[in-house]
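Student: This is the structure I have questions about; it appears just below.
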Amino acid sequence: MTELRVLVWNVKKGEHLTEAGAYVAAVRPDVWLAQEILPRHVAPFELATDMRCYPAAPATTSPNDNAIFIRPGSWFEVAEEYKHPDGAWHPPANLAVRDAACREERGGRRISLVSHHLCYFSADRRLSEAEWCTTLAKPGWLAIIGGDWNSYPSGAGPAPSLWASLLEDDNPCLDRALYVNRTYEESGIRHTDDRPDRLLRAAGFVDAARYARDELSQDLAMDPTTGHGDLERQGGRWRIDRVYLSEELAPTITNVQGGDASAVGALSDHLPVLLTLDSHKVRALLRPHGSATATATATATATAI
């Protein structure tokens, strides 16, 4: 095995369960960071994809759960499963995985996997939910965090003119709720919400698509992922679904495939993102003393968040 494939996809409450399962099965990811997985859809998705589901703690706020699907027999294994029932509109799914081959070797590192779906209606709540991710940015920790961020990459969200057009009284696409939900107020002015992206990158996480564009010349990695089939409601096509990873993991990226409408048709209003990593490089990081920060790793990675 020379690559590790991580799929990020919000399946819109499994409205096209059979077709969505067939798509994931065809992609054959090692990890699927999934959003809007209804509890009754867990077993059908497991059967269709031949993967095991680790759902997030159930929420009283929404039945649309986050989940992480893992392919059995991959070179890594699940070391810990963490539940976070409080503090998020959609509690994140969170696993720690390790290289099965160095299970008995002291000091081996782990990767924290997170499937996240930030609150759609509150910029302040989104910011708080994104802040939780910084608990995985400690020195020596490795993390891959993917999901539906319901906010924009910095420098790439709707311009003020777009929001102004949505607010015109004679605009058939009038959606003041979207305007309020996707902006935040500061000094009496509403701004496009890009704060989760800015916060994660300030904490040291790397936006995989940006890295692929800038370091690998993969411009298509920046393709939009949302608005598909629901342009009016979502204000256009934007890169709402993103994957972030620890800076140490960034050089292991070999490919980021952005949203491709031709791949999934109208199965969801979100398009999938497929992240491919060099598994040999990832494995080298997980080995004892696999990085300059390994001296701090044994203690750091053994502590549950």
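A short reminder: the numbers here are calculations on the coordinates, not readings from a lab. Note that the coordinates shown come from a computational prediction; the quantities given were computed from them, not determined experimentally. Virtual Cβ from ideal backbone geometry, glycine too; neighbours counted across all protein chains shown.
Student: Please list, in chain and number order, the residues 5+ apart from T254 or on another chain whose amide H is under 5 Å from its amide H, with Hs placed from the backbone.
Tutor: Amide H neighbours of T254: T276, L277, D278.
Student: What are the DSSP H helices in the chain that stretch 27 Å or more along their long axis, judged by alpha-carbon atoms, and whose average Kyte-Doolittle hydropathy comes to at least 1.0? Can you show the working numbers first?
Tutor: Details: long enough: none.
Length and hydropathy pass: none found.
Student: What does the C-alpha gyration tensor say about the overall shape of the range 46-99? Classify as rounded when a/c is under 1.5, otherwise prolate if a/b is larger than b/c, or oblate. Intermediate values should be presented prior to the final figure.
Tutor: Working: a/c = 4.15, a/b = 1.63, b/c = 2.55.
Oblate shape, in that a/c is at least 1.5 and b/c is the bigger or equal ratio.
Student: Another question, then. Among the lysines, select those whose C-alpha is under 26 Å from the C-alpha of K281, and discard any that sit fewer than 8 residues away in the same chain.
Tutor: Here the lysines satisfying the reach criterion relative to K281 are K138.
Student: In addition: If the viscosity is 0.692 mPa s and the temperature 37 °C, what translational diffusion coefficient in µm²/s does Stokes-Einstein give for the chain when Rh comes from Kirkwood over Cα pairs?
Tutor: Numbers: Rh = 19.6 Å.
My calculation gives 168 µm²/s for D.
Student: Could you name the aspartates and glutamates in cross-link range of K13, using Cα to Cα under 17 Å and dropping any fewer than eight places away on the same chain?
Tutor: E36, E46, D65, D148, D230, D241, D269
Student: Calculate the spin-label point distance for R198 paired with T60, positioning each point 7 Å from the Cα along the beta-carbon direction, and give it in nanometres.
Tutor: Here the modelled spin labels are 3.4 nm apart.
Student: OK, next. Amide H of E80 versus every other amide H placed in the peptide plane: which residues, excluding those fewer than 5 positions away on the same chain, fall under 5 Å?
Tutor: For E80, whose amide H was placed from the backbone, the distant partners under 5 Å are A96.
Student: Would you be so kind as to identify which of V8, L38, A93 lies farthest towards the positive end of the dipole of the range 1-93, taking Lys and Arg as +1 and Asp and Glu as -1 on Cβ and the Cα centre as origin?
Tutor: Of V8, L38, A93, it is L38.
Student: Now for a separate question. Residues with amide H under 5 Å of Y54's amide H, sequence separation 5 or more or different chain, H placed in the peptide plane at 1.01 Å from N; which?
Tutor: It is I68, F69, I70, by chain and number.
Student: Got a sec? Charge dipole of the chain, +1 on Cβ for Lys and Arg, -1 for Asp and Glu; which of A143, S115, M222 is way out at the positive end?
Tutor: A143
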